[in-house]
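The structure appears right after this line, and notes come after that.
Just so it is clear, none of the values below were taken in a lab; they were calculated from the coordinates. As the structure is a computational prediction, the values presented were derived from the model and not from experiment. All Cβ positions, glycine included, derive from the backbone under ideal geometry; neighbour counts span all protein chains shown.
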Amino acid sequence: MTPFATDVSQATRARDGAGSQASRNLRLLWRSVGYEFRKRIQFRTGFVVREMMNGAVEPIIMLFVYAALYRSAGAEGTGSLRGWSFDEILKYVAGLLVVRKLVFHNRALDVSTEIFEGRITKYLVMPFRFFVLVQGRFIQYTLLQVVLAGLVWGIGYGILGDRWLVPVSAAATVQAMLLVGLGSYCCFLLYFIIHSLAFWLDVVWSLLVMAWFFIAFTGGSSMPVSQMPAGLARVFEYGFPYWTISAPIEVMMGRLGPGDVARGTGILVGWLISLEVLRRFVWRRGLAKYVGAGM
Amino acid sequence: MSVQGPPAGSATEAPVLEARAVGKVFETFERAPGMLGVLKNFVARKKVDVTALADIDLSIHRGETVGLIGANGAGKTTLVKILTGIVPASSGEARLLGRDSFNLTNAEKSRLALVMGQKSQLWWDLPPIDSFHLLREIYSIDSGVFESRVQAFTRMLDVEDRLKIQLRQLSLGQRMKMEIIGAFLHDPDVVFLDEPTIGLDLVSRETIRQFLVKLAEERGVTYVLTSHDLEDIEETCRRIIVLDEGRIAFDGDLAGLTNQVAGKRAVEVHVEPGGTKNLGPLEAALAPLGAEITARAADSVTILVDAVRMRDVVPVLFENLAVRDLSIERQPLEHLVREIYSQSGRAGASLARGREGPGAT
Ligand SMILES: Nc1ncnc2c1ncn2[C@@H]1O[C@H](COP(=O)(O)OP(=O)(O)OP(=O)(O)O)[C@@H](O)[C@H]1O
Ligand SMILES: [Mg+2]
C-alpha cells in the first residue's frame, strides 16, 4: 500500500475556505504557543531567578531615589509631592514591579535575526501567515508572565502586607489588566515593526533600545506620569505607554476610575489599529526586499 | 494508488512553472575594509548591482523532473527562490501553478514544498516527529493519512528510529532525510530541492534518489532539483537545465544529451606538467580513429572516443604522451556539461562584463 492510498489532500484543498483558514490559524497559534513554551522551559537553569529579577532593579533604584527625595523635602510622613505621598509612591513601585512583568518585552522576539539569517524563508512557502507564529510568542510570553507577576505580587504582599499595592477592588483589577493587555499588545506591535526594519537596515537593536526607553519613560517607569510636569503629562496621556503602565497602576490604587479606563481603552484601541496597519504595510514592503540569505 | 493524469506533463496543459524573461539584480553595498572604510561607508556607500539572473525563459509541466545545474554562483538558488516566491523577480514574470510566484495564495502554497540542503525546513529544537505534527496542522493533513505517510516514508528512507531525537542531534544525512519526509508529507504537486544531497554519503544519496524517483512515478510530482552531483541528476531527472552566469545555457532532454555521448568514453590522461604543449602529433594520430581532444590543461588531456575504438586509441596515447595516469569515464555527461559551459562562456561574455565587483561570484 502506498501512503497515498487514501488521498484526502485534494479534499483538504477544496475546503480551504475562509472559515477553515481561521480555525487553522487558531490551532496553529496554540501549537506555536506550546512550541515557544518548550523552547523557553528548556533553559531551566536560572530561568526562574532571571525571570523574577527581570525589571526589578530599576524600580528598586527608583525607590531609593524617591526615599532620598521625600526625605530632603521633609515629606516622608503624610506630606506629598505633586499629588503623591511617599506611601503612594511605595505602592506605585510595587505596581511597577508587577505590571512591568506583564508588559511585552523585546527580549521575547528575535524576528530581526530571523530576517538577517534567512530563517523566515521556510515560513514564506507555507500556507499560513508568519505573523501567527509571532503572535504565539506573545501569548506564550503573556501567560508565563501572568504567573510570574502573580508570584511577585504574592511575595511582596507576604513581606509588606498593606504597605504593598493591594487593588481597591476586583473590578479595578480587571480594568487595569484590560489596559495592560491591550497596551502590551501595542508594545509587541511596535517591537515587531522595528524588527521588520531588518529588511532594510543592518542593525535594529539601537532602535529597539530607543523604543524601550520611549515606552518606559512615557509610560511612567521612572516616575508616575501624573507626577511629571503638567504639560508633559498631558502629552504622554495620548500615548499607549501611559495607559499600559502608569494608568493601570493608578486604577488599581483607586486614583483613576471607570471613566478614565474607558478613555484609555479607546486610546489603546486606536493605537492598536494604527500599529497593526503600519505593521502590515512595513512587512509587505519588507518582503519585497527580502533576499533569503543563507540558502 | 492514485496517479493523476499522464506521468509526464503534456504540452496542452498549463505549465506548473513558468518564467518569462525573468531577471534578478541584487543590490549590494561595497564595504571598504578597516576603520577608515567604516567612516567612508557611513558617508557614501558605493552601490553595486549583482546580476544573478538574466532573461530566464522556461516552462515546466506537470510530472516533469528537472535537474538544474550550474557552477557556484550560476543563479540556481536564485531561480528557485523566485519560482517559489521567496524573493520577487527584478524583471519579467514567474508563475507557479498559474499564479504570480511572489503573490501565491495559501491554495498554491499548500501544493508546494521546498527542501533546502543548506537550511532546515524543520524546527531545530524539536524532534522530527513534533515538526511533522506542526506541518500536519499547517497543511491540514488528515491524521490517518499523516500516520501512514510518516510510517511509509521513514521506512523508505530508513530513519524510523530517529523520529524522536531532537533535530539538532541528528547527523546531516538523517536530518536531510527528515527534511525530505517533511516536504512530502502534505503530498505536494511541486517540489523544489536545492542541493538535497550536499555532504551526504553514497548510500544516503542513493536512498534519497530512489525515494524521489518512486514518488515521481507514483504521484506525478513535478520537481526541480539542483545538485553539483551529476549522478543525482542522471538518476532522478528527465530534463536538464544548465545555468551559466545567470542565463540558460542548455535546456533539454537528458536522454537526448546522454545519447549524444552514448557508447562514448571520456579518457582523461594525466601527464607531467608541461607535457601537453605540443599536441599536434597526437591530434593527427587520433583523427583517423574518430577520437578528439575535448579539454586540455597543463598536466592533463581529455579525449572523447567511441568505446569500440578504445583498444586502438590507448596505444596511441602512450606513443604520443608521457602518460602518468589514465582514467576512463563511462558516462561522460560531466564532460558534456563542461562543454556546455565552455560554449556558453563565449555567448555569455557580454553578461560577464556587465557584472562588477567582488560580489559577482
Ligand atoms: N543576497 C544577495 N545579495 C547579493 N548577491 C547575491 C545574493 N544572493 C545571491 N547573490 C549573487 O547572485 C548570484 C547567484 O547566486 P545563487 O545563490 O543563485 O547561485 P547558485 O547557482 O545557487 O550557486 P551555488 O552552486 O554556489 O549554490 C551569485 O553571484 C551571488 O553572489
Ligand atoms: Mg545555491
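Things to note:
- Mean-position separation - Cα centroids, the stretch A:242-277 and the stretch B:127-165, in angstrom: 46 Å
- When B:198, B:180 are arranged by Cβ crowding within 10 Å, least crowded first, meaning fewest neighbours, the order is B:198, B:180.
- Across all directions, the shadow cast by the convex hull of chain B built on its C-alpha atoms averages 23.5 square nanometres.
- Proximal lysines relative to residue A:101, as straight alpha-carbon distance under 23 Å, when same-chain residues fewer than 8 apart are discounted: A:39, A:91
- Rounded to the nearest 10 degrees, the angle from helix B:34-43 to the longest Cα principal axis of chain B is 60 degrees.
- Length-normalised contact order of chain A in % [C-alpha pairs under 8 Å, at least 6 apart]: 23 percent
- Mean residue ellipticity, 222 nm, helices only, chain B: the sum of -39500 (n - 2.57) across DSSP H runs of n ≥ 4, divided by residue count and rounded to 500, is -10500 deg cm²/dmol.
- GNM result for chain A, Cα springs below 10 Å: residue of A:176, A:262, A:22 fluctuating most strongly: A:22
- Pairs exceeding a 22 Å alpha-carbon distance, out of A:289/B:81; B:109/B:164; A:289/B:119; A:122/B:76: B:109/B:164.
- The loop-placed trypsin sites (Lys or Arg not before Pro) in the stretch B:237-283, going by DSSP, that have at most 12 neighbouring Cβ atoms within 10 Å of their Cβ come out as B:277.
- Applying 1/(1 + (r/R0)^6) with R0 = 60 Å to the Cβ-Cβ distance of residue A:110 and residue B:307 gives a FRET efficiency near 0.55.
- Projected onto its three principal axes, the C-alpha set of the stretch A:96-207 covers 53, 31, 19 Å, listed from the longest axis down.
- Of B:301, A:99, the sequence from fewest to most neighbouring Cβ atoms within 10 angstrom is B:301, A:99.
- Averaged over peptide B:131-140, the number of partner chain Cβ atoms lying within 10 Å of each residue's Cβ comes to 5.
- Convex hull volume per residue, computed on the Cα atoms of the stretch A:43-289, equals 143 Å³.
- Cα pair distances exceeding 48 angstrom across the protein assembly as shown, given as percent: 33 percent
- Span from the the stretch B:311-331 Cα centroid across to the the stretch B:208-254 one, whole angstrom: 32 Å
- Value of relative contact order over chain B, rounded to a whole percent, pairs C-alpha under 8 Å and six or more apart: 19 percent
- Taking other C-beta atoms within 10 Å as the exposure proxy, A:173, B:154, A:218 rank A:173, B:154, A:218 from fewest upward.
- Comparing mean-square fluctuations of B:232, B:187, B:325 from a GNM of chain B with C-alpha springs under 10 Å, the top value falls on B:325.
- For the residues A:26, A:256, A:182, a GNM of chain A with alpha-carbon springs under 10 Å puts the largest fluctuation on A:26.
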